[in-house]
1. Determine the shielding of peptide A:385-398 by partner chains: average, over its residues, the number of Cβ atoms on other chains within 10 angstrom of each Cβ.
2. At 1.4 Å probe size, put A:Thr373, B:Thr172, B:Thr528, B:Thr223 in order of accessible surface, largest to smallest.
3. Let me check against my output: what whole-number percent is the relative contact order of chain B, with C-alpha pairs under 8 Å and at least 6 apart?
4. Starting from the 7 Å offset along Cα-to-Cβ, what nm value, one decimal, do you get for the label separation of A:Met45 and B:Arg493?
5. Roughly speaking, to the nearest percent, how much of segment A:204-309's 1.4 Å accessible area is carbon and sulfur?
6. Going by amide H atoms built from the backbone, whose H comes under 5 Å of the H on B:Ile122, apart from near neighbours?
7. With unit charges on the beta carbon (Lys/Arg positive, Asp/Glu negative), name the residue among A:Met45, A:Thr384, A:Ala78 whose Cα is farthest towards the positive pole of the charge dipole of chain A.
8. What's the FRET efficiency of A:Ser190 with A:Ala215 using the Cβ-Cβ distance as r and R₀ = 22 Å, to the nearest 0.05?
Amino acid sequence: MQKKTNVWNNVDWITISIYLAMMFIGWINIYAAVYNEEHKSIFDMTQQYGKQLMWIGAAIFIAVLMINTDSKFFVTFAFPIYIAIIFLLMLVPFIGTTINGAKSWIQFGGFLLQPSEFMKMGTSLALARYISSYNFKMHSWKSLLALAGILFVPVGLIFLQNDTGSAIVFGVFLLVLYREGLNGIVLFFSFLIALVFVLTMVLEPLPTILILTFAAFLINYLIRKKTKRNLIGMATFTSIFGILWLINYLAEGGVDPLYFVFAAAFISSLVFFLWAIMLHKRSLAILIGIYLGSVLFSVSVDYVFHNIMEQHQRDRINELLGIQSDLHGAGYHVNQSKIAIGSGGFFGKGFLQGTQTKFDFVPEQSTDFIFCTVGEEWGFLGSTLVIGLFMALLMRLIFLAERNRSKFSRVYGYCVATILFFHFAVNIGMTIGLAPVIGIPLPFFSYGGSSLWSFTLLLFVFVRLDASRFEQLSY
Amino acid sequence: MDTFSKRKVIVAGIMLGVGILFVLRLFTLQITNKTYKQFATRNVLREITIYPARGYIYDRNNELMVYNKAAYDLMLIPREVKAFDTTELCNIIQLDRKDLREAIAKAKQYSRYKPSIVAGQISSDIYAPLQEKLYKYPGFFVQSRTLREYPSKSAAQALGFVGEVNQRTIETDKYYKSGDYIGVSGLEKAYEKELRGIKGVQKSMVDVHNRIKGKYNDGLEDTTAILGQNLITGFDAKLQAYAELLMTNKKGAVVAIEPATGEIILMVSAPSYDPNLLVGRQRSKNYSILMQDSVYKPTWNRAIIGEYSPGSTFKLVNALIALQEHSVTPYDRFSCSGQGSTPIRCTHSHASPVAMREGIRESCNPYFWNVFRSIINHSPTAEEGYRVWRDHVVNFGFAQRVGTELSSERKGNLAETSYYDKYFGQKRWNAMTIRSLSIGQGEILVTPLQMANMAAIIANRGYYITPHLVRAIQDPNRVSHELEFEKKVIDIRPEHFNTVIEGMQAVIEDTKLQHTVKLDSVIVCGKTGTVQNPHGADHSAFVAFAPRDTPKIAIAVYIENAGFGATYAAPIAGLLIEKYLNDSIAPRRKDLEQRLIETDLLNVVEVKRKL
Ligand SMILES: [Zn+2]
């Protein structure tokens, strides 16, 4: 009994308060988003808002259960839990239920659970357990291979279940690995590759190359402050493009201007690369190398996408980036979402006064686009508060992770923080037009029991681990 | 502390960076950029249902029986309403302020966001000034739709009417939304799917001033309405109207069928009503008046739901069955003692004994008692004999729905052997016990439609085509698709019909009907019936067809409480046959026509009842 009181004395009430506040705000916004006049009561169990209250109740129960669990349990059973969820994931194709085209749900009694949601916690535990083991060395082949194994088994399984959005989330563990010593260059290139890929897919290669070109000149200017040479570079690029375009125009060749932009980028890069080598300007050579690599990557992504991939593979990517599922043409949903949020103004339209979400201009109002309702009805004030809450939670989690002497707890804490961060960044980024439309929920806000419970589980395992930070753990 | 501890700053920095980026983005979206606010107000979606024109209904001569006229519903979205001049709006739409207030309150109660009808079925002359002033009333808009118009004001029950769809239909058929119209009865109901067409939807963006700002999403979600299909019926609209005129102030039904095709030429149920009453803003008021009329029940289609004893008209069937079963020959004679006959007395006085032709002519009850007894006794037991008889009767389309498109059609009734077993006890009944059937009384009920069909069978000498109202369906491109109907052959040999038809000709030519029904140019065959009515004066029935050798029309007339069939039912049939075949009434028969139109049997009944 004494142990139990100790636990409740040591839990981090700041984290718990933010958690409860988020669920509450989420709940009233779900109410506003799907508000139905025939069911005015927020407690009406036939409606999403009534059900969400039930899910919240169950989530709090899960949280209490986690806090009352012995923290050693999570360390000892990290791998078994990870393996058990992998098994569940493998069972999904056989006993799963299909919802919205993804066969990624399992029905337990009256509840639908998505094992991929719980996989995030399982993988976090396994990563924490492995990284905190004595024989782990970040840059040894063996360790990298093991890490890759821990990550790619669940990612592969989830990917096979057509739930690409959830699979992408695991990419964020790179941040955890970075914190634990992974070379920063890996992080930088991963980010660059993802960025160029998304830009190419969403914007087409031509604007992508132009953006990359502009970025390269900007970075070069910021590093080296040589305005004159930058202008010469731009002039070279533009004139090569211009000459080619003019020839094509006069000859009525009808060639896609993409080729001219690409040629301009390629030729001018080569010229300046040779020049940089000759003058031993190493940083310029690296910059041009990265630039040229990105351009080539963008063009080849586009080529592979259009000429090598099968239609169903293309559909998958389009769906992931919200291009295909957006039946009304690219950007329509995002535009509606931006209109909803933008029309909120400083103070918002007020509780239940939003028109954009209610008239079904915004899709998935209660799940993926719940932030629209916040933005429309509570304005800049409310949306900033929500972002502030997330920032507070993330900072608090990093603080808690860092104060833990146990490496297991720290790595797990970082996993929790980065997963929540990724969901936050992609979900809200999507509603305000800063991220592709990847359908993943906003933690603790979006409607749905499965995601709420999995995030609760994820968070409260860490709250429990943190509560026992004074105990001497063997890891 | 580990060596990479400093990286926490980078990780936290990335997170904070994204957070700050989001806040900046929100700042531009929500505060500095005003265009989104304008977008949002402009973004108010207005969904207008495009109701396709309902299909027309034509008669056999391509004359329009039902078409459409334009009408408009004033709609309201409560949430968008701003303060407005109620008096002015009420003046424009000619509505009480109280009614308007109630309608708005009701709309609010239904939904603040979804449109409700405030004033339905506004006519074109009100619509024009309303449309001009509509900008003054944010939240209001007009939705156009079509209303039915019945130029000949006839065939109300057969054509049926349209009304607002009820809640149960909305729940079971997702095509329908609250406020939609649906065929409620008659052909409007039977051919609802063909007539209604397919609704379209037009989504528009409107601004706060109620002005349409363009198509929503470039009209990608709009659907065009598909026009309803037209029905081409077998009705003769002129004859239908004439029949209704003749049935003025009478209670009963008239059905006429073209024997060769089974097309129903007319279907009258009297008393009737003007179908135009059930259209427009007065609809609900008129509807409840019609439904509450429990004396005349004007919405009842007696032609198909009226179940009556066929009376003496049924003797034709008994004669045919006996001939087919060889239980009597056309020449077998039976004696008649007039009023003193047993077990059934004769209602006429005539020479005795009589054979079939005279039996039919004189409608001799004792003769048909003998005919019926011969059929029943032709089998070893009464039960078997009854079964044989009953099978024949059923073969004539009795005791079953003959199969028109109208869903309210009734079966009539004809007792099974089990009924008599239960009533009298097994083997404790015989021809004598059920003798009423010999003269079309007793445990037999038929509809006027079935009687007309019987006349068609005799006219065809032994078959009928399923009677039907609609001959063809015309698609919106005005291409007609002929419908096909089943031909049913009666198990009685054609020569037997000739004997009966001779009798029927004699009915018209050798009795006093020669003054009222016989035509100069055409041989008419018919049979009267006077049906005992325990509740009042006898019903008057008559079946006929003409011309005898190339029948064009078979008809049944049934008039409640009108006494002898010969008095009213037969001359009405005669006039209808004459009008149909000759297109006019001979001058010498104009008096008869006038007298029949003026005959008021309804108020006679009233008087009788009072006495
Ligand atoms: Zn007699």
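The values are calculated or read from the model by the stated rules, or taken from the named source; none is laboratory data. All figures in this text were calculated on a predicted structure; none of them were measured in a lab. We place every Cβ from the backbone using ideal geometry, glycine too, and count neighbours over all the protein chains shown. SASA here: full protein model, heavy atoms, side chains in, ligands and nucleic acids out. Shrake-Rupley method; radii C 1.70, N 1.55, O 1.52, S 1.80 Å.
1. That average works out to 3.
2. So the residues, ranked largest to smallest area, are B:Thr172, B:Thr223, B:Thr528, A:Thr373.
3. Value for chain B: 14 percent.
4. If labels sit at A:Met45 and B:Arg493, their model points lie 7.8 nm apart.
5. 75 percent
6. Residues meeting the criterion, in which the H sits 1.01 Å from N, are B:Tyr72, B:Asp73, B:Leu74.
7. Value: A:Ala78.
8. 0.80
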